[in-house]
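Just below is one structure, and these are the notes that go with it.
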Amino acid sequence: MRKEVFVGEQGVPADLEYDAYDAGAVHVLAVREDGTPLGTGRLLYGDAAADRTDGDPAVGSLGRLAVTKDARGLGVGAALVRAVEDAARARGLAAVDLHAQTHALGFYERLGYVAYGPEFPDAGMPHRAMRRVL
């Protein structure tokens, strides 16, 4: 699904999309009743999240949030974000950071995330750092 959304739709190079953090991340998956995948996301925490959270061990990093075209607008993305936040709480984290593509800032703001710092490029696309205290 990430390959479909990030590599196929957005043109992110596959070698950037998949990284060493995948193996130790908490992955969430949304599926239809028939088992068809609709969306996914991941939570990095501890040392894996350090470079995305200014080294704060109490902050997790939400990333790789992807929803299939046919599931967009149905609340799948919001449900995935909440599932990542639940996983963060279960690990005793106090906040969740993320790097949002700038076109998605409004989506994350509606879920309680606040942008901070300047815009920066990631995989050739403009992003902003965002955080939500849990």
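When every Cα-Cα distance of the stretch 20-133 is counted in 10 angstrom steps from zero, the calculated P(r) takes the values 15, 47, 33, 5, 0 percent. Normalising the average separation of contacting C-alpha pairs (under 8 angstrom, six or more residues apart) by the number of residues puts the relative contact order of the chain at 20 percent. Take the chain, mark every one of the trypsin sites (Lys or Arg not before Pro) that falls in a DSSP loop and has at most 14 other Cβ within 10 Å, then report the longest stretch left between them, sites excluded. It works out to 92-134. Taking the number of Cβ atoms within 10 Å of each Cβ as an exposure proxy, the fewest-first ranking of GLU85, GLU17, GLU33, GLU109 is GLU33, GLU109, GLU17, GLU85. Loop-located chymotrypsin sites (Phe, Trp or Tyr not before Pro) across the stretch 13-49 with a Cβ neighbour count of 16 or fewer within 10 Å are TYR18, with loop assigned by DSSP. Taking the helices alone, the chain has a mean residue ellipticity at 222 nm of -5000 deg cm²/dmol, built from -39,500 (n - 2.57) per DSSP H run of at least 4 residues and averaged over all its residues.
Where a number appears in this text, it was derived from the coordinates with a stated rule and is not lab data. What you see is a predicted model, and the numbers here were worked out from it, not measured in a lab. Counting neighbours? That spans all protein chains shown, and the Cβs are built from the backbone with ideal geometry, glycine included.
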